[in-house]
1. Can you tell me which residue in the stretch 160-197 is farthest from Ser12 (Cα to Cα), limited to those that are open to solvent by 40 Å² or more (accessible area, probe 1.4 Å) and among the basic types (Lys, Arg)?
2. Kindly indicate whether any position in the stretch 216-230 is of a type in the set (Asp, Glu), more than 19 Å from Arg109 (Cα to Cα), touching a residue at least 40 places away in the same chain (Cβ under 8 Å) and exposed (fewer than 15 other Cβ atoms within 10 Å of the Cβ).
3. Given (1) outside any helix (DSSP H, G or I); (2) among the small types (Gly, Ala, Ser); (3) more than 20 Å from Ala287 (Cβ to Cβ), where does Ala22 come up short, assuming only one miss?
4. If I filter the stretch 179-196 for residues that are within 27 Å of Ala93 (Cα to Cα) and either part of a loop (DSSP other than H, G, I, E, B) or in contact with a strand residue (DSSP E or B) (Cβ under 9 Å, 6 or more places away or on another chain) (or both), do I get at least one hit?
5. Determine which single condition Thr328 fails, assuming it passes every other condition in (1) closer than 30 Å to Phe15 by Cβ; (2) assigned to a loop (DSSP other than H, G, I, E, B); (3) among the hydroxyl-bearing types (Ser, Thr, Tyr).
6. Restricting attention to the stretch 351-374, and to residues there that are in a helix (DSSP H, G or I) and open to solvent by 20 Å² or more (accessible area, probe 1.4 Å), which single residue is farthest from Ala93 (Cα to Cα)?
7. Would you please list the contacts, defined by Cβ atoms under 9 Å and residues six or more apart or on different chains, that run from a residue in the stretch 184-210 that is touching a residue at least 40 places away in the same chain (Cβ under 8 Å) and farther than 17 Å from Leu229 by Cβ to a residue that is assigned to a helix (DSSP H, G or I) and open to solvent by 40 Å² or more (accessible area, probe 1.4 Å)?
Amino acid sequence: MTSAGHAPDILSPEFAADPYAAYDVMLEHSPVIWHEGMQSYVISRYDDVSRAFKESAFTTDNYGWQLEPVHGRTILQMSGREHAVRRALVAPAFRGNELEQKFRPVIERNSAQLIDVFRGRGSADIVTDYARHFPINVIVDMLGLDQNDHVRFQRWYSAIIAFLGNLSQDEDVTAAGLRTHDELAAYLIPIIRDRRENPGDDLLSALCAAEVDGTSMSDEDIKAFCSLLLAAGGETTDKAIASLFRNLLAHPDQLDAVRADRTLVAKAFAETLRHTPPVHMIMRQPAQEIEIGGETIPAGSTVTCLIGAANRDPRRFANPGAFDIFRTDLPTETAFSAAASHLSFALGRHFCVGALLAKTEIEVGVNQLLDAMPDLRLAEGTAPAERGVFTRGPASLPVTFTPA
């Protein structure tokens, strides 16, 4: 087993400060690392991570301990027909006419409401004034839940994300996550039962009514999916918007290009997903002994797939450390489908069901923000830093602009 060479430990402050430098060392010298503290094999190369996402030998059984305690049993843990049917039950809301006609207006309204608060101010923090609230507000609205409960959802979502990224097994973080599971269930189950009796024109009602091959979703299924949607749909879009703007502000020529040609927003999003992905690692559990990167990994082991490293593998991407929305090795046409070149939505049967929802949110949000802040620039004297290991993005992004 190769050692990590000079790469700092994943749980160290050095790694948290700059994982990208560590990824470069791993990609070159240590494609497979056994991490004692996490009790996990860590893989970093593009081909290896891609295999772990696509091959059926790599299961998602790890979500039994990693996700189920906070969410309940979700679609991510399922396989075979059970997974196919559950995915078919929820997928229609996140694509095609349903997304465009029913939910795009919800997305546009929620974005505009947040921007209206600072539109005339000449300054804003894209993270704290906008990105942290936008996707959560959209999800709460899509589900037809009470707008006044946004603060409560924000707290639940933060606790769930902390639980998922609790690599060092902090007991307080674990306890807060378990508490959130109970609070969310107590809140949602009565609402789900009421929607079965009194359906509305919202996603929660659609999930209650959905049926495929004689299978429908139980109250617990729907609650678990809503919990998953809150975490997966909130954290990723939140960090993607902030990272996209941080990347563009650091490359003024590319910001000018996007400002002038809004069809480039999708390219900027795709390159952000590759260059600074919101989620840096996803775990898998092989059902049988597997050889990967020249190492033998026993059945039942946890394999930590470093998306943040794989997306910067020089074997796959030219000049991988550069942010370049015009790169030719990241086709935008496939960037939001299961044929994506980047690995930020995973691949294969567990490819992110909400990828097109995220793309719609990003396109709406970025366009509205650019319209409201046509000459936005970083606030004087600020150098926005990324934070996080499991998920990662700017902690703050203060900007100034001439009110439009």
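The values are calculated or read from the model by the stated rules, or taken from the named source; none is laboratory data. These figures come from a predicted structure and were not determined experimentally. Every residue, glycine as well, gets a Cβ built from its backbone with ideal geometry; the counts of neighbours run over all protein chains shown. With ligands, DNA and RNA removed, areas are computed over all heavy atoms of the protein, side chains included. Shrake-Rupley method; radii C 1.70, N 1.55, O 1.52, S 1.80 Å.
1. Arg196
2. Yes - at least one qualifying residue is present in the stretch 216-230.
3. Of everything listed in (1) outside any helix (DSSP H, G or I); (2) among the small types (Gly, Ala, Ser); (3) more than 20 Å from Ala287 (Cβ to Cβ), Ala22 misses just condition (1).
4. Among the residues of the stretch 179-196, not one is within 27 Å of Ala93 (Cα to Cα) and either part of a loop (DSSP other than H, G, I, E, B) or in contact with a strand residue (DSSP E or B) (Cβ under 9 Å, 6 or more places away or on another chain) (or both), which makes the answer no.
5. Of (1) closer than 30 Å to Phe15 by Cβ; (2) assigned to a loop (DSSP other than H, G, I, E, B); (3) among the hydroxyl-bearing types (Ser, Thr, Tyr), only one is false for Thr328: (1).
6. In this case the residue turns out to be Asp371.
7. The qualifying pairs are Asp201/Lys102.
To keep it simple, each residue is scored yes or no on (1) within 21 Å of Asn367 (Cα to Cα); (2) out of contact with any strand residue (DSSP E or B) (no Cβ under 9 Å at 6 or more places or on another chain); (3) hydrophobic (A, V, I, L, M, F, W, C); (4) in contact (Cβ under 8 Å) with a residue 40 or more places away in the chain.
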{"residue": "Leu248", "(1), (2), (3), (4)": "yes, yes, yes, no"}
{"residue": "Val258", "(1), (2), (3), (4)": "yes, yes, yes, yes"}
{"residue": "Arg262", "(1), (2), (3), (4)": "yes, yes, no, yes"}
{"residue": "Met281", "(1), (2), (3), (4)": "no, no, yes, yes"}
{"residue": "Gln285", "(1), (2), (3), (4)": "no, no, no, yes"}
